[in-house]
1. If you check A:Val401, A:Val405, A:Val420, A:Val430, which single one turns out to be among the β-branched types (Val, Ile, Thr) and farther than 24 Å from A:Leu459 by Cβ?
2. Out of (1) within 14 Å of chain B (Cβ to nearest Cβ); (2) basic (Lys, Arg); (3) surrounded by fewer than 21 Cβ atoms within 10 Å (Cβ to Cβ), the odd one out for A:Arg354 is which?
3. Just to check your reading of the model, which residue among B:Gly75, B:Gly131 is among the small types (Gly, Ala, Ser) and touching an Asp or Glu at 6+ places or on another chain (Cβ under 9 Å)?
4. In this structure, is B:Arg74 under 27 Å from A:Arg506 (Cβ atoms), within 12 Å of the chain's Cα centre (by Cα) and either within 9 Å of chain A (Cβ to nearest Cβ) or not in a helix (DSSP H, G or I) (or both)?
5. Filter region B:40-63 for residues that are touching a residue at least 24 places away in the same chain (Cβ under 8 Å), out of contact with any Lys or Arg (no Cβ under 8 Å at 6 or more places or on another chain) and either at the interface with chain A (Cβ under 7 Å from one of its Cβ atoms) or surrounded by 19 or more Cβ atoms within 10 Å (Cβ to Cβ) (or both) and give the result.
6. Regarding region A:415-425, can at least one residue be identified that is closer than 20 Å to A:Ala102 by Cβ and more than 14 Å from every other protein chain (Cβ to nearest Cβ)?
7. When the residues of region A:522-569 are filtered to those that are buried (at least 21 other Cβ atoms within 10 Å of the Cβ) and acidic (Asp, Glu), which remaining residue is farthest from A:His362 (Cα to Cα)?
8. Of the residues that sit in region A:129-170 and are polar (S, T, N, Q) and not in a helix (DSSP H, G or I), which one is nearest to the other protein chains (Cβ to nearest Cβ)?
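The values are calculated or read from the model by the stated rules, or taken from the named source; none is laboratory data. Computed from a predicted model, the values in this text were never measured in an experiment. We place every Cβ from the backbone using ideal geometry, glycine too, and count neighbours over all the protein chains shown.
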Amino acid sequence: MASVRAASRLLSRRAISNIKAVPAAAVQNSRNFHFSIYGKKNNAKVSDDISTQYPVVDHEFDAVVVGAGGAGLRAAFGLSEAGFNTACVTKLFPTRSHTVAAQGGINAALGNMEDDDWRWHFYDTVKGSDWLGDQDAIHYMTEQAPAAVVELENFGMPFSRTEDGKIYQRAFGGQSLKYGKGGQAHRCCCVADRTGHSLLHTLYGRSLRYDTSYFVEYFALDLLMEDGQCKGVIALCMEDGSIHRFRSQNTVIATGGYGRTYFSCTSAHTSTGDGNAMVTRAGLPCQDLEFVQFHPTGIYGAGCLITEGCRGEGGILINSEGERFMERYAPNAKDLASRDVVSRSMTIEIREGRGVGPEKDHVYLQLHHLPPQQLAARLPGISETAMIFAGVDVTKEPIPVLPTVHYNMGGIPTNYKGQVIDYTDGKDKVVPGLYACGEAACASVHGANRLGANSLLDLVVFGRACALTIASEHKPGEKLSPLKPNAGEESVANMDKLRFASGSLRTSEIRLNMQKTMQNHAAVFRTGSVLKEGCDKMDDIYQTLDQIKTFDRGIVWNTDLVESLELQNLMLNAVQTIHSAEQRKESRGAHAREDFKVRVDEFDYSKPLQGQEKKPFDQHWRKHTLSYVDRKTGKVTLKYRPVIDTSLDEEDCAHVPPAIRSY
Amino acid sequence: MLSGLVAKRLVTGLCQASWRPAITGMVSSRGYRGDAPDDNKFDLIEIPLPPWLEKPDEPINIKRRRLLYESRKRGMLENCILLSLFAKRYLNTMTESQLLQYDRLINEPSNDWDIYYWATEAHPTPEVYQGEVMDMLKEFTKNRNHEQRLDAPSLEYLEKESQ
């Protein structure tokens, strides 16, 4: 302990003597170019205001982006291109963000494979969201889609092409022509099977030419909020344990989802909902967190994703009786029905006793009826994954699969321009200085259910929207509003407390308790009593955070500390998710309840509207959930906000009135 | 024949400067998703990222701690599980030269999937990454003992090792 204090005193002494420079350790950082000496006109000052044990370096930027995935990079690139001195703070090297896992593609109504119209894409997305999506944001996204794809191509993304040289587009679930009446649409553009990687590589490479300052392997701790305005971010540099405050008039949160609250999810271990938690701790709401998308085919146990493309190539789902059960649940689309429909069907089969395996708790994905050459050529990645993580040879045996947490439709509420909003006195109110985009945000374009290949589109369109909004309302070099000298002190104190925590429960134990509870109580099928029990258990588990025990007391590359900070973030996301789910007494999109099986809208849309009386706001469920958490007690408060039903231009693109959703 | 080898080494050498795909037949036919034509990799060629540089002055114990974090936090779940299990087995006993090889392997490639394909031998490993550590990783991936690999391990093993 004494040696640690001596070391940190040494560190602070070294840092103070290099007033303008980076702490000594980082000067030898081989990734020097990321620092760009703190941007064009920064004086990196070292201050003692927070704590003498933790040297604090202050930076000033025109804009700070937290997260370097598809959305974060697009925002950072857009801001740098517009002349803003931009910092991008990320806990991972940009090309290692979870976006790299995306292999599907980006939807855009380019019309290369057949005649297409973005209004049809608009209709598909509104229907896919089960009418919980805000139609102005969906209008914005689908109308911008073709231009966004062309723009990416101009940046250098090598989209796969047809023989005529046009961008190749493939089919994907939920996409149709002529407002659902014209058959399957082909509007998913891709870069072979590495669309996510190409997006990251292209945006990262281009943004460096505009002199964006990257702070890689910095863990963002909290937002610096004062008087309801966001004035920047405070972060921990993992390389040398120093604290950095990034002051800025514009902060963009692009930190991704929070799949890791569940025991089984397809997400990397980096999906810990850091942005959502930062916003919650700032007293702001998160929206629609109960809507968690379950991908039908994740490998049982490990959770690794088996792509929807398998079913596109002819793979089928079978139960213990060897029956292709999707024929019963979705006679037309069968195994290619919308993800929530397939997940629900699989869960019903398991609950009715037709599951496979010793505990009858999963189903099989059968591929061995396909010719081996097709498997080798079209789906080679699946063969490896199945062998390594499930021990299965796909040419001989079926793969054990289970609906697995895949995406979070909910997140930080924003308007269609990317500005974070709060809902007070019955109105949306913009939070000054704060923006959000990507999976972390909830614009809301995906509503209650996301369509495949709409996520990468969401990243680029709203990443760009944040940059455009900031550029239109602010100028580079704007004077920063004043900030208290000890801003961020609480965050550092919390981190210090975690670093020296010596309670009775290890981080991994608390994390496992949380994950198992969420998996058992808030998974695909939800019912009142089980959710209520889960809420009580989660509230207790939240309290156990006080008894956390960490073992690594160091400050440099302390993985234990980072994973404990991530656990705190996950916990905030988990309690909001389960409480929101327990309160929502209907089934909509990805939120399916056994005790409330139907959608409860303001009218009953399964019958003619004439003669029906519109239900008041508090008696139907076509509304967004806003959840707040009192950090000290862990108590979750819920509020509701209406869905935006009008498009941006009713004459150009009329909104889609709610209807019964069937495929 | 000889000039062919020289040419190949030249090309691979060129590829070391910035991560460009070696023109050694690494065509990505792996791609599922329907009839998408092959990948021309123009983004990797036209937009080179700054080169990875080793950190010669980093103390070896700090290097191990950094590589532990970088093994556990990857772009997709498959690599998270594989590399954190690999790190659990080998990281604390690697020699300095092995650590350097590992550092390069997990930090230089821009596409995390490539590391996975090389480890599973679905794609040939580029020459620049071949070596002792890559062989260890390939062998580890084969999982000859059929260990259950359901998730990345928690950090408890580090605590036990330090006791």
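1. Details: A:Val405 fails: farther than 24 Å from A:Leu459 by Cβ; A:Val420 fails: farther than 24 Å from A:Leu459 by Cβ; A:Val430 fails: farther than 24 Å from A:Leu459 by Cβ.
None of the others qualify; the one that does is A:Val401.
2. (1)
3. Numbers: B:Gly131 fails: touching an Asp or Glu at 6+ places or on another chain (Cβ under 9 Å).
So the residue among B:Gly75, B:Gly131 that is among the small types (Gly, Ala, Ser) and touching an Asp or Glu at 6+ places or on another chain (Cβ under 9 Å) is B:Gly75.
4. Values: under 27 Å from A:Arg506 (Cβ atoms): yes; within 12 Å of the chain's Cα centre (by Cα): yes; either within 9 Å of chain A (Cβ to nearest Cβ) or not in a helix (DSSP H, G or I) (or both): yes.
Here the answer is yes, as B:Arg74 does meet what is asked.
5. Result: B:Leu49, single match.
6. Let us first name the residues in region A:415-425 that are closer than 20 Å to A:Ala102 by Cβ, namely none.
Looking for residues that are closer than 20 Å to A:Ala102 by Cβ and more than 14 Å from every other protein chain (Cβ to nearest Cβ), one finds none in region A:415-425, hence no.
7. A:Asp560
8. We begin by selecting, within region A:129-170, every residue polar (S, T, N, Q); these are A:129, A:135, A:142, A:144, A:154, A:160, A:162, A:169.
Applying the additional criterion that residues be not in a helix (DSSP H, G or I) yields A:129, A:160, A:162, A:169.
On the way: A:Ser129: 24, A:Ser160: 5, A:Thr162: 8, A:Gln169: 10 Å.
Of everything passing the filter in region A:129-170, A:Ser160 is nearest to the other protein chains (Cβ to nearest Cβ).
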